[in-house]
Amino acid sequence: MTMADKRDWHSDPITSDTLIDGGYKTTQNVRRFFKAQIGDHFKFDRAFMAWMKSRQGATMGDAVREWCAREAGK
């Protein structure tokens with residue numbers, strides 16, 4: 001997928017290397033990815049959703065690490 005292609009966050013496969021783009025949406029597909037990577041205790045909160053929206057060019061692997069760091073800091 002090139003940067004010109006538009007990712008469908010509802011149905012396209014998501015891996016740790018998937019880039020967060022300007023069309024990022026918090027979908028059930030994204031939730032499934034995080035639950036597979038982190039576990040069933042994964043939950044979105046407003047601060048993390050805002051972080052995701054502001055991180056164009058980061059990877060979903062970066063997002064997993066960020067979520068885990070936030071949880072470790074609680």
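The values are calculated or read from the model by the stated rules, or taken from the named source; none is laboratory data. Here the structure is a predicted model, which is why all the values come from computation and not from measurement. Glycine also receives a Cβ, built like all others from the backbone with ideal geometry; neighbour counts cover every protein chain displayed. Ligands, DNA and RNA are excluded from the accessible area calculation, which covers all protein heavy atoms including side chains. Shrake-Rupley method; radii C 1.70, N 1.55, O 1.52, S 1.80 Å.
Tabulated values for the structure
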read-out: Carbon and sulfur %, accessible surface of the chain computed with the full protein complex present, 1.4 Å; value: 51
read-out: Taking the chain and dividing mean pair separation by its residue count, relative contact order in percent (alpha carbons under 8 Å, at least six apart); value: 39
read-out: Loop trypsin sites (Lys or Arg not before Pro), the range 3-45, which have at most 15 other Cβ atoms in a 10 Å radius of their Cβ (DSSP); value: Lys6, Lys25, Lys43
read-out: Check: the chain dipole with +1 on Lys, Arg Cβ and -1 on Asp, Glu Cβ, in debye; value: 300
read-out: Equivalent ellipsoid semi-axes - Cα gyration tensor, the chain, angstrom; value: 20, 13, 11
read-out: Net length gained if the chain between Ala58 and His41 were fully extended (0.36 nm per residue, minus Cα distance); value: 3.8 nm
read-out: Probe 1.4 Å, accessible area per residue of the chain, Å²; value: 64
read-out: The range 59-74 - phi-based ³J(HN,Hα) in whole Hz, Karplus 6.51/-1.76/1.60, Gly and Pro as x; value: 9, 5, x, 4, 5, 4, 4, 5, 4, 5, 5, 4, 5, 5, x, 7
